[in-house]
Amino acid sequence: MTLPPIQDDRLHDPTLEWLEADGLGGFAQGTASGIRTRRYHGLLCAARTPPTGRVMLVAAVEAWIDVGQGPRALTSHRYAPAVTHPDGAGRLVAFEAEPFPRWTYEVDHPELDGDLRVVHELCVPRDSAQVVLRWRLEGRAERARLTVRPLLALRDVHALRRADARLDLASELDGARVRWRPDPAFPAVHAHSNGLFRSEPLWYRDFLYEEERARGYDHLEDLAAPGVFEHDLAGGELCLILTAELAGHTPAPPSDAPALELAGELLARERTRRAALEPLDRAAEAYLVRRGEGRSLVAGYPWFTDWGRDTFLALRGLLLARGQAAAAAEILAAWADHVSRGMLPNRFPDEGEAEFNSVDASLWFVVAVEETLAAAKGLSRAEREVLEGAALAILAGYASGTRFGIRADADGLLACGVPGLQLTWMDAKVGDEVMTPRIGKPVEVQALWIQALSFGARFDRRFRTLVEKASEAFEQRFWNENVGYLNDVVDCDHVRGTADTSLRPNQVLALGGLARVLVTPERARRVVEVLERELWTPLGLRTLPCWDARYQGRYAGGPLERDRAYHQGTVWPWLLGPFVEAWVRVQGSGDEARASARARFLAPLHAHLAQAGLGHVSEVADGDFPHTPGGCPFQAWSLGELLRLERVVLARAPAAEPAPRKAARKR
């Protein structure tokens, strides 16, 4: 789906956001109107230790043009207490997100037959910590003097900057290049332009970020302005290339290289690269980043880096479904080095030790290894053994017992959890309170465990014994005839025979999303019917039904309110992947079922691509109508599951291993 131009009232919708990712973990991001609403909106955000250590270096520019009738603004900003200034956004007549962001402004000129138009383009070249900005004139004018003032933030991407008189806003000039480094704690910024630079250091104060205020965070910032670039657009376009001075990632063109020529080459190269990709493939590429000498997947923009669970789940759609099995194998091999006591980290923070706070991340790794080995035919024996060895080490650690009470129980199922720690993907925590502790035997963990054991059974007899035992126990322990669906957790808090009967979407992994179906066809049909009736929305599955007393239909407010709603009714688009696969399976997996699924379930997701994060799929949405998108606007596993549905599940009949016969006889 190619995104159409945005015009008229939609231009001023603050929820429409664009993203340009650099392949290193850095990015540029903003709104269609150009008015920044988040601390994360900016032009040059670079990763000092790709893909982590992100710093916001250049937050924005001020731009205005003079065609002989006085200056006319081409930009707008929001200032405290609630003022939009200047009026540049009012001259915006069109915005296009593809192949890279482009804004078109109309500038009135009473002496001309028609209005002049100024077109502004922005592009982040792949694998370089820089951004290319270009302005050109459409129409004829004797004079069109454009002035552009960069606004520097120089801060951690999660922080905010306030005016500091100790910072030196001096500019170092070298021909057509300018260098700024007001704060030695942050990388310098290089500016390369065909415009004439004039030093004019000052501070712009009290920028207001409305989205940060709505989310309960600090929301006021001051930005440093070292000077302006001037150029007459009547004589040709203005370009400005902004580059972060990062070791190993700073392009160094000769000082006499014409900025206009360099900008043209960068834009032409990116336009060619992107033209070779379908829109969803272009979006998928945004999440593929460098990590050290290898590669990884970012969980989402603007605030996530590469997380274990997200990486292993998302790569099935972002890479395998797109025929990028070699890249998937490379990523998995890099993670394989970090197996510790049978576990993989779920997160590498910017600072500190790796965090092993997940029971399912390691199991998703084994699932990803199984699917990658099946798809990556060109791997050497040694490369395959690295992935197989890591997967088997995880299974051995889980079987014998590892951190946080994770162990194979006597029934073959996987027990996990200790008080005060959230181990499943439902991981919200408010202070010391875990919102969905799910200690015991969570249903989706069993589905992943059994699928992983099935892979391990090819290599080790003990895993074959375990998978047979766990498969036989699963339906017996989890099926709840009284409600007609699967329990969410059994042996709650490790108390034998207890069950959490909450209707949650986690059970969908026992029916879809994995190769094995763990219940009989009739029970699978009944579960799918309940999930569709009670949890399905056009943007994903709710995490609780509306009738549950704990249900919260809006994901909004400060951190406390949002964390309480995160898995208590909030919709998650990634769950549509396994749900639609389960739905198609119970319908018979024929052409008619797949066509029906495309119309019913995929059409709303395609419509969503033109909302919120343009060309991407959001992290979450409200459980209540109209299911307003929220959370991270560019989420890897949400987009990954859409791609997996399109390219795998609905492209052919999805294969499923039937429920074990012994479990079926116990019905």
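List of remarks:
- Residue that is nearest to the chain's Cα centre (by Cα) [pool: residues in segment 553-572 that are among the aliphatic types (A, V, I, L, M) and either buried (at least 19 other Cβ atoms within 10 Å of the Cβ) or more than 18 Å from residue 422 (Cα to Cα) (or both)]: 571
- Residue 331 fulfils the conditions (1) open to solvent by less than 20 Å² (accessible area, probe 1.4 Å); (2) touching a helix residue (DSSP H, G or I) at 6+ places or on another chain (Cβ under 9 Å); (3) modelled with pLDDT under 95; (4) of a type outside the set (Gly, Ala, Ser) except for a single criterion, (3).
- Segment 207-243: number of residues that are open to solvent by less than 10 Å² (accessible area, probe 1.4 Å), within 30 Å of residue 559 (Cβ to Cβ) and not charged (D, E, K, R): 5
- Any hit, segment 366-385, residues being more than 23 Å from residue 328 (Cβ to Cβ), open to solvent by 40 Å² or more (accessible area, probe 1.4 Å), out of contact with any Phe, Trp or Tyr (no Cβ under 9 Å at 6 or more places or on another chain) and touching a residue at least 12 places away in the same chain (Cβ under 8 Å): no
Here's the yes/no breakdown for (1) of a type in the set (S, T, N, Q); (2) open to solvent by less than 30 Å² (accessible area, probe 1.4 Å); (3) at pLDDT 95 or above:
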site: 158; (1), (2), (3): no, no, yes
site: 175; (1), (2), (3): no, no, no
site: 178; (1), (2), (3): no, yes, yes
site: 182; (1), (2), (3): no, yes, yes
site: 194; (1), (2), (3): yes, no, yes
site: 200; (1), (2), (3): no, no, yes
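- Screening segment 1-26 for residues that are touching a strand residue (DSSP E or B) at 6+ places or on another chain (Cβ under 8 Å) and β-branched (Val, Ile, Thr) and picking the one that is least open to solvent (accessible area, probe 1.4 Å) gives 6.
- Hits in segment 49-87 - residues which are within 25 Å of residue 11 (Cα to Cα) and not in a strand (DSSP E or B): 67, 74, 75, 76, 80, 81, 82, 86, 87
- Restricting attention to segment 140-178, the residues that are of a type outside the set (A, V, I, L, M), farther than 30 Å from residue 115 by Cβ and either touching a Leu at 6+ places or on another chain (Cβ under 8 Å) or in contact (Cβ under 8 Å) with a residue 40 or more places away in the chain (or both) add up to 9.
- Qualifying residue in segment 429-450 (condition: outside any loop (DSSP other than H, G, I, E, B), in contact (Cβ under 8 Å) with a residue 60 or more places away in the chain and among the polar types (S, T, N, Q)): yes
- Any hit, segment 476-488, residues being open to solvent by less than 10 Å² (accessible area, probe 1.4 Å), assigned to a helix (DSSP H, G or I) and out of contact with any Gly (no Cβ under 6 Å at 6 or more places or on another chain): yes
- When 270, 293 are screened for being within 31 Å of the chain's Cα centre (by Cα), acidic (Asp, Glu) and buried (at least 17 other Cβ atoms within 10 Å of the Cβ), only 270 passes.
- Considered as a group, the residues in segment 578-611 that are in a loop (DSSP other than H, G, I, E, B) and small (Gly, Ala, Ser) include one that is surrounded by the most Cβ atoms within 10 Å (Cβ to Cβ), and that residue is 589.
- Lone unmet requirement of (1) among the hydroxyl-bearing types (Ser, Thr, Tyr); (2) within 22 Å of residue 495 (Cβ to Cβ); (3) surrounded by fewer than 20 Cβ atoms within 10 Å (Cβ to Cβ) for residue 436: (3)
- Test: residue 564 is in a helix (DSSP H, G or I) and either under 20 Å from residue 303 (Cα atoms) or at pLDDT below 95 (or both): yes
- Residue pairs whose Cβ atoms lie under 6 Å apart, sitting 6 or more positions apart in sequence or on different chains, and linking a residue in segment 487-507 that is more than 15 Å from residue 416 (Cα to Cα) to a partner that is open to solvent by less than 10 Å² (accessible area, probe 1.4 Å) and part of a helix (DSSP H, G or I), are 487/478; 505/575; 506/443; 506/444; 507/443.
- Filter pass, residue 540 being farther than 17 Å from residue 488 by Cα, out of contact with any helix residue (DSSP H, G or I) (no Cβ under 7 Å at 6 or more places or on another chain) and touching a residue at least 12 places away in the same chain (Cβ under 8 Å): no
- Residues located in segment 510-552, provided they are open to solvent by less than 10 Å² (accessible area, probe 1.4 Å) and of a type in the set (Gly, Ala, Ser): 510, 512, 513, 524, 540
- Of all the criteria given as (1) among the β-branched types (Val, Ile, Thr); (2) part of a loop (DSSP other than H, G, I, E, B); (3) more than 29 Å from residue 32 (Cα to Cα), the one not satisfied by residue 617 is (3).
- Looking only at segment 97-119, and only at residues there that are touching a Ser or Thr at 6+ places or on another chain (Cβ under 8 Å) and part of a strand (DSSP E or B), the one that is most open to solvent (accessible area, probe 1.4 Å): 117
- The residues of segment 287-299 that are in a strand (DSSP E or B) and either of a type in the set (Lys, Arg) or over 10 Å from residue 25 (Cα atoms) (or both), listed by number, are 290, 291, 294, 295.
- Any hit, segment 612-634, residues being under 24 Å from residue 514 (Cα atoms), charged (D, E, K, R) and open to solvent by 40 Å² or more (accessible area, probe 1.4 Å): no
- Here residue 46 passes the criteria (1) surrounded by fewer than 23 Cβ atoms within 10 Å (Cβ to Cβ); (2) closer than 25 Å to residue 162 by Cβ; (3) at pLDDT 95 or above except the one numbered (1).
The values are calculated or read from the model by the stated rules, or taken from the named source; none is laboratory data. All values derive from a computational prediction rather than experimental measurement. Quick reminder, even Gly has a Cβ in these numbers, built from the backbone with ideal geometry, and neighbours come from all protein chains shown. The protein model used for the area step is the full one, side chains on, heavy atoms only, and it has no ligands, DNA or RNA in it. Shrake-Rupley method; radii C 1.70, N 1.55, O 1.52, S 1.80 Å.
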